[in-house]
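*Asks:* Starting off with a structure, shown below.
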Amino acid sequence: MAQGNQPAQHTTISDTKAAQSAKTAAKAPKPAKTAAPKRPAAAKSVTAVAAAKPKRHAPSPVFLARLESHKAELERLFMSLYGERETAAEDFNALIERMAEAYAERPADLKRLDKTREADPDWYKRGDMFGMTMYTDLFAGDLKKLADKIPYLKEQKLTYLHLMPLLQMPRPNNDGGYAVEDFDTVDPKLGTNEDLANLAKKLRRAGISLCIDFVMNHTASTHRWAKAAQAGDPEYQDYYFCFEDRTMPDKYEEHVPQVFPNTAPGNFTWNEQMGKWVMTQFYPFQWDLNYRNPKVLVAMLGSVMHLANLGVEVFRIDAVPYIWKELGTDCRNLPQVHTIVRMLRIILECVCPAVVLKGEVVMAPKELAAYFGTREAPECHMLYNVSVMVNLWSALASRDVRLLKTQIDKLDALPENCWFVNYLRCHDDVGWGLDEDVEHELGIDPLKHKEYLYHFYEGAVLGGWSMGELYNYDEATRDARNCGTTASFCGIEKAVITHDKPLLETSIRRDLLMHQTMAFLRGFPMLNCGDEIGQLNGWEYKDDADRVEDSRNLHRSKFDWDKAALRKKPGTLQNRLWKGMEGLREMRHDPCFAPDAWISTWDTSNDAVLAVVRKVDDAVLVGLFSFSEHEQHVHLNPGADEQGAAVVGEPLDADLAPYEARFVRL
């Protein structure tokens, strides 16, 4: 295809005028150019590189010792990706230098935290871990005002706070902040880097670890690298995947699935200003980074270390399965992805070992274990438990826990280093990625079941209670996702609108059941801000021209502080849910929630009831969860743990009320 003729994929974009971009490109910092050796030379010694830093930064024995223990593996991994490049040795040394700089600049209080965490590496697995995720602006307005709301967070005994994307972003096209303009700078509308560091410090004093997103796969099309590329700089065009004609894009398209086939079809966008096609797997304004270029890797890892030094303790690495591209593959979950994640883990352990990685891996369950790495070579510390979240909603709508039980069994069978953040709702949609092989085994038609679920949660099934919306419906594949808050999905919104008191009572029980089940599983629970007070869908987004096109804004509305005030008034919806969340925290103080607890499901002889058992030494706790609006009976036969020791010596029978969660000490 000739350049510029009828782009067949995303819509044509041209982000800035040529003159403006040329001016920007002239200001853009460029990597230093030095004469490259004919073949990769051996990297300088760790001591030599660190000692080469400015005299005011004397090499630290602590940093050098950490680095020396990891240096051989780090270099081997780096060279496995870039060893064929003539600049490989100097690129590796640039990474080492960046690490030395980051350690030297790390504040003393964070170095003390590093020492504490090194002595307690399983700190994030403790039973008292309790998290929340939120948007800074929707909750408080900006970072300074959020710091003033810490007493509200302490009231919930939170130990973990995940703030949605807060780095500098373009407007209006920013995909909720996942199109990043500057990976080193807080978005001015939310505050400054100093505000972020002050908030992180105040949260630490309150016993709360700060988590933020780090978008690894792409930048905004307005990032300084992208602007330089658009202005014609070949050095920065190599930071992305840019092609003069459709030859290479078409070869990629033969194997690479579309992320958003309805709202953003294809994987490439024609850029008129640059006169080239650029890879954009997500949206046209998000340009995929080329990690085949080591300068990209070094720069991005440098930004992670910079943010860690501002006090970030957990990074949710976004869209990580996509970061390495290989022609002839689907560009998902490739071995090089794991090489990069392992390198990131090593770098954190050298520079800031208090920091942990949470992977966002929205992939088939069989792909999950690889992102934890191995005991000898770990990668992510924990993953978002996407699959259990989806199966929980499936079980609630179908009154059938068989798919959920099977998925829990698969996750519990993973090695003990595999840890999860369990949740019901987040900023994103609910995508119905169920295990189709298991569905076939159970006699469930995958497509019909998926259609039932997304129609149920949009409120289009007779007799249903949910209120939500579809997201990304694809007429060709009949695929769709759902948007909505937890309370609205559980029927609370419908009950409030119709003034149906019996429905409200039942819906509150559903809401609490879902949270109780989620909090009982392997990992630790994370609430979506507003769920603790039963916040409903924000339909007002349809009146906002900048938000109306994305139905995910249905569950991205401002926190209702007036409703939150009702949490202290007995008998209110808000008070009942607030008390229910208190019950979750109290439950998790039980010894059976220790990091090394043995966890398994149990056959209840009832497809509507899930049983999960936790065992530590001689202490045994069984959770029974009824996903039915009718009374249910369960029967548990005697059973043993994985070592063959008896857990239930005699049969256990129980009668459960509709949507009841019961905890039985054995």
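*Asks:* Defining a contact as two alpha carbons under 8 Å apart and six or more residues distant in sequence, what relative contact order in percent does the chain show? Could you put the intermediate results ahead of the total?
*Replies:* Numbers: 1236 pairs, mean separation 80.2, N = 666.
In percent, rounded to a whole number, it is 12.
*Asks:* Would any residue of segment 316-356 have its amide N under 16 Å from a label point 7 Å out along Cα→Cβ of residue 251? List them or say none.
*Replies:* 325-331
*Asks:* Related question: Net charge near residue 356, counting Lys/Arg +1 and Asp/Glu -1 over other residues with Cβ under 11 Å of its Cβ?
*Replies:* Numbers: positive: 117, 125, 316, 345, 358; negative: 122, 313, 349.
Once positives and negatives cancel, what remains is +2.
*Asks:* Now for a separate question. Which of these values of mean projected area of the Cα convex hull in nm² was calculated from the structure shown: (1) 36.9; (2) 30.3; (3) 32.3?
*Replies:* Label of the calculated value: (2).
*Asks:* Next question. Residue 262 versus residue 205, label points 7 Å from Cα toward the beta carbon: distance in nm?
*Replies:* 4.8
*Asks:* Working from Cα positions, state the angle (0 to 90°, nearest 10) between the long axis of helix 294-308 and the longest principal axis of the chain.
*Replies:* It is inclined by approximately 50 degrees.
*Asks:* Determine the sum of side-chain charges near residue 448: Lys and Arg each +1, Asp and Glu each -1, restricted to other residues whose C-beta is under 11 angstrom from that of residue 448.
*Replies:* On the way: positive: 450, 478; negative: 439, 445, 451.
Charge balance near residue 448 sits at -1.
*Asks:* Provide the net charge surrounding residue 472, with neighbours chosen by a C-beta distance below 9 Å and charges set as Lys +1, Arg +1, Asp -1, Glu -1.
*Replies:* Working: positive: 481; negative: 429, 474, 479.
Charge balance near residue 472 sits at -2.
*Asks:* For segment 465-502, which GluC sites (Glu not before Pro) pass both filters: DSSP loop (anything but H, G, I, E, B) and at most 12 other C-beta atoms within 10 Å?
*Replies:* On the way: sites: 469, 475, 493; in loops: 475.
Listed in order of number, the matching sites are 475.
*Asks:* Another question, if that's okay. Counting only C-alpha contacts under 8 Å and six or more residues apart, can you give the relative contact order of segment 391-589 as a whole percent? Don't jump to the answer; show the numbers that get you there.
*Replies:* Values: 270 pairs, mean separation 39.9, N = 199.
About 20 percent, as a whole number.
*Asks:* Any idea what the relative contact order of segment 468-543 is, in percent, if you count C-alpha pairs under 8 Å spaced at least 6 apart? Let's see the in-between values first.
*Replies:* Working: 66 pairs, mean separation 22.9, N = 76.
Reported relative contact order: 30 percent.
*Asks:* Would you mind checking the tilt of helix 573-587 against the longest principal axis of the Cα atoms of the chain, expressed as 0 to 90 degrees and rounded to 10?
*Replies:* 80
*Asks:* Here is a further query. For the charge dipole of the chain, defined by +1 on Lys and Arg C-beta atoms and -1 on Asp and Glu C-beta atoms about the Cα centroid, which residue among 525, 472, 432 has the Cα displaced farthest towards the positive pole?
*Replies:* The residue sitting most towards the positive pole is 525.
*Asks:* Now a separate question. Which of the aspartates and glutamates could a cross-linker bridge to residue 558, judged by Cα under 13 Å and excluding same-chain residues fewer than eight apart?
*Replies:* 137, 142, 531, 540
*Asks:* Okay, moving on. Give me the accessible area of residue 112, 1.4 Å probe, in Å² rounded to the nearest 10.
*Replies:* Estimated to the nearest 10 Å², residue 112 gives 150 Å².
*Asks:* Determine the per residue accessible area of the chain with all protein chains present and a 1.4 angstrom probe, expressed in square angstrom.
*Replies:* Numbers: 26560 Å² over 666 residues.
Here the residues of the chain average 40 Å² of exposed surface.
*Asks:* When the helix-only estimate is applied to the chain (DSSP H runs of n ≥ 4, each -39,500 (n - 2.57), divided by the residue count), what is the mean residue ellipticity at 222 nm, nearest 500 deg cm²/dmol?
*Replies:* Numbers: 23 runs with 240 residues, N = 666.
The helix contribution divided over the chain gives -10500 deg cm²/dmol.
*Asks:* Can you give me the % of accessible surface on the chain that is carbon or sulfur? Probe 1.4 Å, all protein chains present, nothing else counted. Before the final figure, lay out each step's value.
*Replies:* Numbers: 13310 of 26560 Å².
Here carbon and sulfur together make up 50 percent of the probe-accessible area.
*Asks:* Still on this structure, I have one more. Looking at segment 392-442, which GluC sites (Glu not before Pro) are DSSP coil and have at most 14 other C-beta atoms within 10 Å of their C-beta? Don't skip to the end; give the middle numbers.
*Replies:* Working: sites: 416, 436, 439, 441; in loops: 416.
For GluC sites (Glu not before Pro) across segment 392-442 that sit outside H, G, I, E and B with at most 14 neighbouring Cβ atoms in 10 Å, the list reads 416.
*Asks:* How large is the dipole of segment 103-142 about the Cα centre if only Lys and Arg carry +1 and Asp and Glu carry -1, each at its Cβ, rounded to the nearest 20 debye? Intermediate results must be reported in sequence, preceding the final value.
*Replies:* On the way: 7 positive and 9 negative charges, 45 e Å.
My answer is approximately 220 debye.
*Asks:* May I pose another question? Compute the helix-to-body angle for 386-398: its Cα long axis versus the longest principal axis of the chain, expressed 0 to 90° and rounded to tens.
*Replies:* The angle comes out at about 30 degrees.
*Asks:* Leaving ligands, DNA and RNA out of it, rank 235, 532 by accessible area with a 1.4 Å probe, largest first. Provide the component values of the computation, followed by the final result.
*Replies:* Numbers: 235 40, 532 0 Å².
I get 235, 532, largest accessible area first.
*Asks:* Filter the trypsin sites (Lys or Arg not before Pro) in segment 335-435 to those in DSSP coil with at most 12 other Cβ atoms within 10 Å of their Cβ, and list the result.
*Replies:* Details: sites: 342, 345, 358, 366, 375, 399, 402, 405, 410, 425; in loops: 375, 399, 425.
Passing sites in segment 335-435 are 375.
The values are calculated or read from the model by the stated rules, or taken from the named source; none is laboratory data. Small disclaimer: the values here were computed from a predicted structure and weren't measured. Please note: Cβ atoms are built from the backbone with ideal geometry, for glycine as well, and neighbour counts cover all protein chains shown. To get the accessible areas, we keep the full protein, side chains included, count just its heavy atoms, and leave off ligands, DNA and RNA. Shrake-Rupley method; radii C 1.70, N 1.55, O 1.52, S 1.80 Å.
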